[in-house]
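The values are calculated or read from the model by the stated rules, or taken from the named source; none is laboratory data. Please read all numbers here as calculations on a predicted model, not as lab measurements. Every residue, glycine among them, receives a Cβ derived from its backbone with ideal geometry; neighbour counts consider all protein chains shown.
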Amino acid sequence: MVVQIVSYNITLFAPGFRFGNKRSFNPFAFFIYFYYFYRKQLIKKTILINFILNNTKTSTTLPPGMLLLDFVRYQQNLKGTKIGCREGDCGACTVLIGELKDGKVKYHSATSCLTPLGNINNQHVVTIEGLNMDELNPIQQAMCEANGTQCGFCTPGFVVSMAGFCLSDKKPTYQNAVACVDGNICRCTGYKSIEHALDKLNAVLADKNLQDPISFVTERKILPAYFNNIESKLKLLAIEQNGKADASNAKRFVGGGTDLYVQQHEAMVYADIDFVSTKAALKGIAQEGYICTIGGATTVSEFAASPIIRQNFKNINQFVKLVSSTPIRNIATFAGNFVNASPIGDFSIFFLALDATLELTDGTSTRQVALREFYKGYKQLDKQANEYISRFWFRLPDNKTLFNFEKVSKRTHLDIASVNTAVNIVVNDGIIVDASVSAGGVGPIPAYLKSTSEFLKGKYISENLVIKATQIAQTEISPISDARGTDAYKRLLLSQLIKAHFIKLFPDLQVEQLISVV
């Protein structure tokens with residue numbers, strides 16, 4: 001950490017110059033005062049951040065809250081990374097981020113418009129310029145041959161996402177290839193030409209080495225040879241004196257920043273931030289018996305890839321596909337989703353049905369609070385300003401437990417819910433032993449539907465039971481009309497989604513009878 005001491009002995013009024021009985025105003029002094037004090041007294045403490053940008057070791061003392069997008073464009077003059085929505089929606093700013101995991105470099109795509117510099121310390125950042133070779137690489141060639149670009153504004157983001165697919169351990173299937181660009185929007189092509197480019201890329205990756213994709217893509221000259229040296233460079237970088245900040249007095253906690261930087265972009269640049277995503281102790285997924293514990297800084301993608309989760313939630317891919325997009329899931333954390341307190345937070349709804357328990361800490365002491373008791377009102381939490389979620393836990397489904405998550409939004413990807421809901425049901429011989437139903441978008445907070453859940457317990461599964469449950473659910477909600485739908489529309493959605501839960505979990509139910517009652 002570099003600490004710069006600044007003298008503030010500045011006089012706002014120039015002595016010796018008077019207009020009548022008043023001293024004259026000193027504009028230079030005013031400017032200095034404004035800069036040093038109004039801008040959060042930034043230069044009192046400067047953090048040195050080290051990382052590798054493409055093939056170059058890079059260090060900066062710019063504010064760690066500054067966005068990576070602004071750094072690469074305006075400080076490094078790498079203009080291939082585009083400014084689009086600044087909300088993580090369009091994908092024009094996509095970069096790759098590589099970090100050491102178990103001694104190997106693992107890459108993921110990320111939206112640089114939501115990634116602060118503090119989150120990339122000791123990591124490898126790859127922009128579109130870092131993918132260039134003497135000739136067009138096979139990704140770029142595929143886009144050209146398939147006419148996958150028209151105006152070209154979105155093309156760098158697509159190419160970077162496709163490069164991330166090449167560097168991943170994903171099999172070269174059509175589904176995986178399309179999924180790698182689910183965070184990129186193109187307004188020109190209609191996507192079919194881009195899909196054709198993905199087909200061409202899959203042909204190049206047909207015999208891809210899933211165990212060592214970096215060696216594969218460099219040997220086949222799909223990506224530049226310098227990728228082979230990044231592992232050793234990151235290991236050296238990790239042992240050098242770096243910019244790990246003293247966050248003991250930090251006023252803000254940042255995980256992935258995927259919502260915070262949308263809402264408070266400019267304010268966050270100069271904030272005193274504790275970057276919790278960089279703390280290994282806050283990551284990871286562990287199982288002890290039927291209890292699963294997840295670190296607060298664990299990302300959605302890490303959750304979806306976990307063998308523990310995949311074994312216990314057979315439809316996890318379908319559930320996760322409904323949540324945002326690949327670049328956002330790669331950086332978004334569970335603690336951030338909970339603390340954001342959005343009434344339609346997807347994983348707040350997911351884990352309300354699983355009756356999760358949170359552990360909050362201020363760095364010294366810890367306490368526990370049930371997720372169902374965490375939300376006190378709209379954006380009001382049972383949390384002190386100096387606390388953050390260190391981990392949470394829940395009971396994994398056993399062979400008698402059925403879980404489902406549903407969501408309706410205007411788009412499949414990159415969209416927030418109009419209504420979302422989850423259900424966790426324990427069944428024994430056709431009788432519901434235990435039930436938990438949650439719903440979002442139907443009130444000021446993520447809702448646990450207590451009355452509906454209690455009603456289901458101890459009853460045989462039937463069409464009439466489901467219909468009655470939807471009616472009880474209507475008494476527990478208070479949706480409002482907004483851009484995502486009217487009050488009546490959201491009420492209808494919740495009823496239909498509760499029916500969808502039971503139709504999926506109990507396929508012997510008569511669908512016609514269920515949908516005949518609105």
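Take the residues of the range 72-89 that are touching a helix residue (DSSP H, G or I) at 6+ places or on another chain (Cβ under 6 Å) and crowded, with 23+ Cβ neighbours inside 10 Å: which is nearest to residue 132 (Cα to Cα)?
Among residues in the range 72-89 that are touching a helix residue (DSSP H, G or I) at 6+ places or on another chain (Cβ under 6 Å) and crowded, with 23+ Cβ neighbours inside 10 Å, the one nearest to residue 132 (Cα to Cα) is 81.
Residues that are closer than 28 Å to residue 397 by Cβ and over 16 Å from the mean Cα position of the chain (by Cα), at least 1 per element: which strands (runs of 3 or more DSSP E) completely within the range 252-306 meet that?
285-288, 291-295
Name the residues in the range 469-508 that are aliphatic (A, V, I, L, M) and in a helix (DSSP H, G or I), would you?
469, 472, 473, 488, 492, 493, 494, 497, 498, 500, 503, 505
Within the bounds of the range 185-201, is there any residue that is touching a helix residue (DSSP H, G or I) at 6+ places or on another chain (Cβ under 8 Å) and more than 21 Å from residue 145 (Cα to Cα)?
No.
Rundown of residues vs (1) at positive phi; (2) small (Gly, Ala, Ser); (3) buried (at least 18 other Cβ atoms within 10 Å of the Cβ); (4) part of a helix (DSSP H, G or I), yes/no style:
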{"residue": "188", "(1), (2), (3), (4)": "no, no, no, no"}
{"residue": "195", "(1), (2), (3), (4)": "no, no, no, yes"}
{"residue": "198", "(1), (2), (3), (4)": "no, no, yes, yes"}
{"residue": "206", "(1), (2), (3), (4)": "no, yes, no, no"}
{"residue": "209", "(1), (2), (3), (4)": "no, no, no, no"}
{"residue": "216", "(1), (2), (3), (4)": "no, no, yes, yes"}
{"residue": "223", "(1), (2), (3), (4)": "no, no, yes, no"}
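Rundown of residues vs (1) at pLDDT 95 or above; (2) touching a strand residue (DSSP E or B) at 6+ places or on another chain (Cβ under 8 Å); (3) hydroxyl-bearing (Ser, Thr, Tyr), yes/no style:
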residue: 245; (1), (2), (3): no, yes, no
residue: 250; (1), (2), (3): no, yes, no
residue: 253; (1), (2), (3): no, yes, no
residue: 261; (1), (2), (3): no, yes, yes
residue: 287; (1), (2), (3): yes, yes, no
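Would you mind stating whether residue 173 is hydroxyl-bearing (Ser, Thr, Tyr) and within 27 Å of residue 79 (Cβ to Cβ)?
no
Let me confirm something: among 127, 173, 155, which residue is at pLDDT 95 or above, among the polar types (S, T, N, Q) and closer than 30 Å to residue 48 by Cβ?
127
Show the residue pairs that are 6+ apart or on different chains and have beta-carbon atoms under 8 Å apart, the first residue being within the range 118-145 and on the phi > 0 side of the Ramachandran plot and surrounded by fewer than 24 Cβ atoms within 10 Å (Cβ to Cβ), the second being assigned to a loop (DSSP other than H, G, I, E, B) and of a type in the set (Lys, Arg).
Nothing qualifies.
Residue check: is residue 391 assigned to a strand (DSSP E or B), charged (D, E, K, R) and either under 19 Å from residue 259 (Cα atoms) or touching a Gly at 6+ places or on another chain (Cβ under 8 Å) (or both)?
Yes: the conditions hold for residue 391.
Might you check whether a residue that is assigned to a helix (DSSP H, G or I) and either under 11 Å from the mean Cα position of the chain (by Cα) or not assigned by TED's automatic domain parsing to the domain that holds residue 415 (or both) occurs anywhere in the range 309-324?
No, because not a single residue in the range 309-324 is assigned to a helix (DSSP H, G or I) and either under 11 Å from the mean Cα position of the chain (by Cα) or not assigned by TED's automatic domain parsing to the domain that holds residue 415 (or both).
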